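One structure is given here, and the rest of the page talks about it.
The values are calculated or read from the model by the stated rules, or taken from the named source; none is laboratory data. Just so it is clear, the model here is predicted, and its values are computed rather than measured. Every residue, glycine among them, receives a Cβ derived from its backbone with ideal geometry; neighbour counts consider all protein chains shown.
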Amino acid sequence: MIFRQLFDHTSSTYSYLIASRQGGEALIIDPVLERVDRYIQLVRELDLKLVKAVDTHLHADHITGLGALRERTHCITVMGEQSGVDVVSMRVADGDRVDIEGVSLGVIYTPGHTDDSYSFTMADRVFTGDTLLIRGTGRTDFQNGDPRAQYESLFGRLLRLPDETFVYPAHDYKGDTVSTIGEERAFNPRLQVRSVDEYADLMNSLKLSDPKMMDVAVPANMRIGLAQETVARNGWALSATETRDLLGKPETLLIDLREGSERDKQGIIPNSLHLRYQDLRKNLQSGGLLHQLAAAKPAHLVFYCAFGERSAMAVQAAQDAGLEAARHIHGGLQAWKLANGPLTRQ
Ligand SMILES: [Fe+2]
């Protein structure tokens with residue numbers, strides 16, 4: 001396994017680059033905008049292909065690298081379903097998994113620091129975001145933070161992981177890099193409480209000043225979505241309603257770019273072909289499936305995904321490859337549901 005813990009000095013943020021092998025797919029957790037060049041360099045040096053960028057929560061102390069990484073590597077951006085960001089490519093909920101080739105992260109909803117805080121488990125370790133820090137816990141006094149919810153996330157979820165589980169937090173201000181669940185249970189001063197009330201009193205008495213970057217970082221991090229308007233201006237977008245009217249027409253082919261888990265959970269537009277976004281580029285090459293389909297001259301190859309971000313990138317890539325019939329559903333399945341478009345289960 002390839003595992004790199006990367007540090008941003010300015011915000012004391014840890015980011016994690018993970019892959020199962022050299023030459024394979026990689027994901028990054030909590031990337032920082034100012035460090036994006038470094039991540040991309042490292043990805044290149046290790047001969048990796050960055051396919052997912054994940055934020056544990058909406059950060060208040062630094063601007064996320066999710067948007068920049070998506071623009072430069074066409075990776076899929078991932079956050080929790082509660083997150084207030086305008087668009088991420090994929091949203092996850094408790095019990096879901098974040099998969100790349102050879103690596104599967106478990107998803108645990110751990111609200112409290114913010115209402116969109118998630119932790120991610122992988123084999124012998126857990127990425128705790130700002131829910132559990134080394135000898136500390138994330139503050140709960142802004143962004144819908146809630147000490148009682150955090151108590152439950154800590155005691156009801158994270159501390160139930162095996163004692164030997166390595167703890168990799170999103171920040172450290174003292175120079176620690178890694179801990180374990182057992183060590184934190186024993187020595188983390190915030191965890192030496194006897195009740196939820198005691199924990200809430202402790203957190204409510206901290207009286208911390210706002211993070212320096214908060215007024216800049218939070219609004220910036222809310223707007224990381226790919227502007228689908230650019231694709232629309234080129235005439236490559238269809239509204240959900242327009243797509244619904246094309247449904248069943250032989251000259252239209254719908255292509256679902258989502259992952260199997262999303263299809264199972266959210267349903268499928270009837271008669272659509274499944275082709276994961278990760279496999280798009282090889283299918284766009286000559287001899288690839290999309291090339292062959294385009295040669296059959298359909299009026300429209302209509303890509304769709306969860307929110308329209310992956311499909312907007314797919315349209316651009318397809319147009320670049322000369323597939324002029326490529327369109328996508330603006331707003332994705334979310335817009336489709338709002339337009340009462342029919343859905344089926346496999
Ligand atoms: Fe945070």
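Quick check: anything in segment 106-121 more than 16 Å from the ligand (Cβ to nearest atom), touching a residue at least 40 places away in the same chain (Cβ under 8 Å), of a type outside the set (Val, Ile, Thr) and in contact with a strand residue (DSSP E or B) (Cβ under 8 Å, 6 or more places away or on another chain)? Among the residues of segment 106-121, not one is more than 16 Å from the ligand (Cβ to nearest atom), touching a residue at least 40 places away in the same chain (Cβ under 8 Å), of a type outside the set (Val, Ile, Thr) and in contact with a strand residue (DSSP E or B) (Cβ under 8 Å, 6 or more places away or on another chain), which makes the answer no. Inspection of segment 70-81 identifies at least one residue that is within 26 Å of Phe142 (Cα to Cα), more than 16 Å from the ligand (Cβ to nearest atom) and either outside any strand (DSSP E or B) or at pLDDT below 95 (or both).
Just wondering, is there one or more residues in segment 4-22 that are part of a loop (DSSP other than H, G, I, E, B), crowded, with 20+ Cβ neighbours inside 10 Å and either away from the ligand (no atom under 16 Å from the Cβ) or among the charged types (D, E, K, R) (or both)? Scanning segment 4-22, I find no residue that is part of a loop (DSSP other than H, G, I, E, B), crowded, with 20+ Cβ neighbours inside 10 Å and either away from the ligand (no atom under 16 Å from the Cβ) or among the charged types (D, E, K, R) (or both), so the answer is no. Within segment 210-227, residues that are in contact (Cβ under 8 Å) with a residue 40 or more places away in the chain have Cβ atoms under 6 Å from residues that are part of a helix (DSSP H, G or I) and of a type in the set (A, V, I, L, M, F, W, C) in these pairs: Ile224/Leu66; Leu226/Ala312, counting only partners at least 6 apart in sequence or on another chain.
Against the list (1) crowded, with 21+ Cβ neighbours inside 10 Å; (2) outside any loop (DSSP other than H, G, I, E, B), the condition Ser104 fails is (1). Residues satisfying the criterion are absent from segment 34-53 (criterion: under 15 Å from Pro169 (Cα atoms) and part of a strand (DSSP E or B)).
So for segment 91-99 (the condition being within 16 Å of the ligand (Cβ to nearest atom) and either of a type in the set (A, V, I, L, M, F, W, C) or surrounded by fewer than 16 Cβ atoms within 10 Å (Cβ to Cβ) (or both)), does at least one residue qualify? No, the conditions are met nowhere in segment 91-99. Filtered by the rule that a residue be buried (at least 18 other Cβ atoms within 10 Å of the Cβ) and closer than 30 Å to Val302 by Cβ, segment 181-236 gives Ile224, Gly225, Leu226, Gln228, Val231, Trp236. Are any residues in segment 149-180 surrounded by fewer than 15 Cβ atoms within 10 Å (Cβ to Cβ), within 21 Å of Ser12 (Cβ to Cβ) and of a type outside the set (Phe, Trp, Tyr), and if so, which ones? Matches in segment 149-180: Lys174, Gly175, Asp176, Thr177, Val178.
Condition check ((1) surrounded by fewer than 20 Cβ atoms within 10 Å (Cβ to Cβ); (2) among the aliphatic types (A, V, I, L, M); (3) in contact with a Leu (Cβ under 7 Å, 6 or more places away or on another chain); (4) within 15 Å of Arg223 (Cα to Cα)) across all residues:
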| residue | (1), (2), (3), (4) |
| --- | --- |
| Asp47 | yes, no, no, no |
| Leu50 | no, yes, yes, no |
| Ala60 | no, yes, no, yes |
| Thr64 | no, no, yes, yes |
| Gly67 | no, no, no, yes |
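Counting only helices (runs of 4 or more DSSP H) that sit wholly inside segment 265-344, those with at least 1 residues that are touching a strand residue (DSSP E or B) at 6+ places or on another chain (Cβ under 8 Å) and either at pLDDT 95 or above or within 17 Å of Ile76 (Cα to Cα) (or both) are 309-320, 332-338.
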